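Below is one structure, written out as structure tokens; comments come after it.
The values are calculated or read from the model by the stated rules, or taken from the named source; none is laboratory data. Here the structure is a predicted model, which is why all the values come from computation and not from measurement. Glycine gets a Cβ as well: all are built from the backbone with ideal geometry, and neighbour counts include every protein chain shown. Heads up: the accessible areas ignore ligands, DNA and RNA and are worked out on the full protein's heavy atoms, side chains in. Shrake-Rupley method; radii C 1.70, N 1.55, O 1.52, S 1.80 Å.
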Amino acid sequence: MDTSSLDYELPPDLIAQVPVEPRDASRLLVYRMASGAIEHRMFRELPDVLGSELAVVNDTRVVPARLRLRRESGGAVEVLLVERVSENGTWEALVRPTRRLRPGDELGPVRLREPRGSGRWLVEVRGAPGGEMPLPPYIHEPLADPTRYQTVFGEVEGSAAAPTAGLHFTPELLDALDPVRVTLHVGLDTFRPVTAETLEEHELHGERYSVDAASWERIAAAERVLAVGTTTVRVLETVVRTGELAGRTTLFVTPGFVFRRVDAVLTNFHLPRSTLLALVMAFAGVDVVREIYRVAIAERYRFYSFGDAMVVL
């Protein structure tokens, strides 16, 4: 598939810079696949929109992973922790500027161990990461409350980015839906733009996931399953194919993919040329998603991490 199919024009003022209050006051575009109908609702109405779907959420928590440090010479260095490699404080990280840095360099609580190319390093971190929330680069407003880049159900720390479809949930809405929880620690590769000419040339490096046996029993037995977020889609479709309840997934969902356990998808509006947009197009259809986005822009929905949501049923 040509990656130009993932392009669309978005007015910059539709990129949400701050989250709405309360969380469930965001808007919800509903697309019904059987009829092709589009509805404009509020996120708090999600229980009324759903039918028999069992909701499944990703309970990962974001690490305060952006560390602003200095070299001994005084030069500024930013270390972005991407994935915990071991429990003894070893992480894979993006470090910039990376030139002139050498293995063994000490940057405050961070020690550089091994370069891995393209600005990636294996690093050791003393103590718990105490940095800033790793907000995406398109968000320019400071985040007054760091918990707003966490879901209310996040429990397992390990992500470099939030599973943003879950940011709309309040505790009350969560109680109303009684979702099942799975875990996938979101890595930056999920959000890395597709720069190759075709999707087939793009490679995902993988992310860690886990599902407990009791949760998978509920998921497997459900009449219909609603995946909250693209990360949840990847967990469910990985487990149903491999039978492995924990591991790493490199599953790349693109148009033509056959979904075996996901019957509905709740997600935010994604960046052009992203693997996330490719996944939504795989589920709903390329032309359908392009039309949904055209309508969302015309109706001035808010886009990206702190933006509004859509659900495809």
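Laid out as a table, the results:
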{"read-out": "Heavy atoms of GLU197 accessible to a 1.4 Å probe, total area in Å² rounded to 10", "value": "140"}
{"read-out": "Area of SER52 that stays accessible when all protein chains are in place (1.4 Å probe, Å², to 10)", "value": "60"}
{"read-out": "Rounded FRET efficiency, nearest 0.05, which uses the C-beta distance separating GLU72 from ARG294 and R0 of 51 Å", "value": "0.45"}
{"read-out": "13 Å beta-carbon shell around GLU223, net charge (K/R +1, D/E -1)", "value": "+1"}
{"read-out": "Exposure ranking of ASP59, ASP178 by accessible area [1.4 Å probe, largest first]", "value": "ASP178, ASP59"}
{"read-out": "Computed accessible area, TRP216, all protein chains, 1.4 angstrom probe, square angstrom", "value": "50"}
{"read-out": "Cα pair distances of segment 182-313 binned at 10 Å [whole percent]", "value": "12, 43, 35, 10, 0"}
{"read-out": "Zero-based 20 Å bins, Cα pair distances in the chain, whole percents", "value": "32, 58, 10, 0"}
{"read-out": "Qualifying trypsin sites (Lys or Arg not before Pro) in segment 209-313, DSSP loop, other Cβ atoms within 10 Å at most 13", "value": "ARG260, ARG300"}
{"read-out": "Relative contact order of segment 98-138, defined on C-alpha pairs under 8 angstrom at six or more residues apart (%)", "value": "26"}
{"read-out": "Rel. contact order, % - alpha carbon contacts under 8 angstrom, at least six apart, the chain", "value": "25"}
{"read-out": "Two-site FRET efficiency, ARG224 against GLU172, from Cβ-Cβ distance with R₀ of 35 Å, rounded to 0.05", "value": "0.90"}
{"read-out": "Pairwise label distance in nanometres, ASP212 with ASP7, each label 7 Å out on the Cα-Cβ vector", "value": "4.8"}
{"read-out": "Selection from VAL62, VAL235, GLY75, by position along the positive dipole direction of the chain (Cβ)", "value": "GLY75"}
{"read-out": "Three principal axis lengths of segment 142-256 [C-alpha, angstrom, descending]", "value": "44, 43, 23"}
